[in-house]
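The values are calculated or read from the model by the stated rules, or taken from the named source; none is laboratory data. Being a predicted model, the structure only gives us computed values, none of them experimental. Every residue, glycine among them, receives a Cβ derived from its backbone with ideal geometry; neighbour counts consider all protein chains shown.
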Amino acid sequence: MIVRRASGITLAAFALLAGVPAVARAQLRRTTIAREMRVDVLGGRPSSVQGAAGVEIAAGNYMRVGVLAGVGPTVEQGSTSRAAGRVDVLARFLLDPFRQSRWGFSAGAGVSVRADPGDRVRPRLLAALDLEGRRWGNGLSPALQIGLGGGARAGIGLRRSGRTAR
């Protein structure tokens, strides 16, 4: 009798515990990944104009981590230009993550690895200020960015974003 009761209680406990992962999964936040396309002017020596594509990964309500790869020609004195590239990793802190105002301001820091002709590939610190505009009907939002990372930089871009979040 005691063995039956103990095995019944054990079976009931296992049945309850089997449902816990499904309930716990409901509490997990889904990681949002959004695409981004940009055109940037990178100062320094040599200067470069680059098209770039990447992703923005939500790391909480107020933080986005962007990973971007760009390529384009250098702008050198004379008539020569050669290909240059970069990979940026930038963590941005958003002041308006829930789209409560028309414009969203963010500030960020990270690292940029540039591959310029005649120079070795090396990481550079990256700091940027970002201004994101109103979301268009197709789900894209325009963005302007200025910053420092191996020289002054400025760019315009389009980001895919949600209706109620940047």
**Fill in**
Those residues of region 66-84 that are over 15 Å from Gly155 (Cα atoms), of a type in the set (Gly, Ala, Ser) and not in a loop (DSSP other than H, G, I, E, B) come to a total of 2
**Message:** Exactly one condition in (1) under 29 Å from the mean Cα position of the chain (by Cα); (2) of a type outside the set (Lys, Arg); (3) at pLDDT below 90; (4) surrounded by 10 or more Cβ atoms within 10 Å (Cβ to Cβ) is false for Ala13; which is it?
**Reply:** (1)
**Asked** For region 120-140, what are the residues that are more than 15 Å from the chain's Cα centre (by Cα) and either in contact (Cβ under 8 Å) with a residue 40 or more places away in the chain or in a strand (DSSP E or B) (or both)?
**Response** Arg122, Pro123, Arg124, Leu125
**Prompt:** Using beta carbons and a limit of 7 Å, which pairs, at least six apart or on different chains, have the first residue in region 31-57 and crowded, with 17+ Cβ neighbours inside 10 Å and the second one among the hydroxyl-bearing types (Ser, Thr, Tyr) and modelled with pLDDT of 95 or more?
**Reply:** none
**Message:** Here's a check for you: in region 37-65, which residue that is of a type in the set (Gly, Ala, Ser) and in a strand (DSSP E or B) is nearest to Gly151 (Cα to Cα)?
**Reply:** Ser47
**Prompt:** Looking only at region 141-161, which residues are in a loop (DSSP other than H, G, I, E, B) and either over 14 Å from the mean Cα position of the chain (by Cα) or without any contact (Cβ under 8 Å) to a residue 12 or more places away in the chain (or both)?
**Reply:** Gly149, Gly150, Gly151
